[in-house]
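> Take this structure first; my questions come after.
The values are calculated or read from the model by the stated rules, or taken from the named source; none is laboratory data. Small disclaimer: the values here were computed from a predicted structure and weren't measured. Glycine also receives a Cβ, built like all others from the backbone with ideal geometry; neighbour counts cover every protein chain displayed. The protein model used for the area step is the full one, side chains on, heavy atoms only, and it has no ligands, DNA or RNA in it. Shrake-Rupley method; radii C 1.70, N 1.55, O 1.52, S 1.80 Å.
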Amino acid sequence: MKIPNRLRRLDFSSCPDQESIEKILLRARKNPVVYRAFEQHMLTCSHCQSVVKRLQAFYEILETEIAKPASPKVVRFAQSLKKRVKPE
Ligand SMILES: [Zn+2]
């Protein structure tokens, strides 16, 4: 019997990968049922707890960096990189 995707995503008998954990956390408000199912798994899983802690640290650093004003030198550097990655 084929299990629908919606239900399979709620099965956290094994650890989801980091990308999936990030998506679950970012979509927690939109999809609280999946979030709560993952939360129950995470409470007893030290691996997923450490992934969540790393993601939290990353987003804290990102928020701090985004809030800082960029110096004109950094803006010029970013613009020079953008020119180099443009498709020809
Ligand atoms: Zn886990």
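> Give a quick list of trypsin sites (Lys or Arg not before Pro) in region 19-67 that DSSP marks as loop, anything other than H, G, I, E or B, with at most 15 other Cβ atoms within 10 Å.
Passing sites in region 19-67 are ARG27, ARG29, LYS30.
> How much of ILE61 can a 1.4 Å solvent probe reach, expressed as accessible area in Å² and rounded to 10?
110 Å²
> So what's the back-of-envelope 222 nm ellipticity for the chain, counting only DSSP H runs of four-plus at -39500 (n - 2.57) apiece and dividing by all residues, rounded to 500?
-21000 deg cm²/dmol
> While we're here: Skip the ligands, DNA and RNA, and give the accessible area per residue of region 9-64 with a 1.4 Å probe, whole Å².
Values: 4170 Å² over 56 residues.
Solvent-accessible surface per residue comes out at 74 Å².
> Take every Cα pair under 8 Å in the chain that's 6+ residues apart, average their separations, divide by the length, and report that relative contact order as a whole percent.
Over the chain, the number comes to 23 percent.
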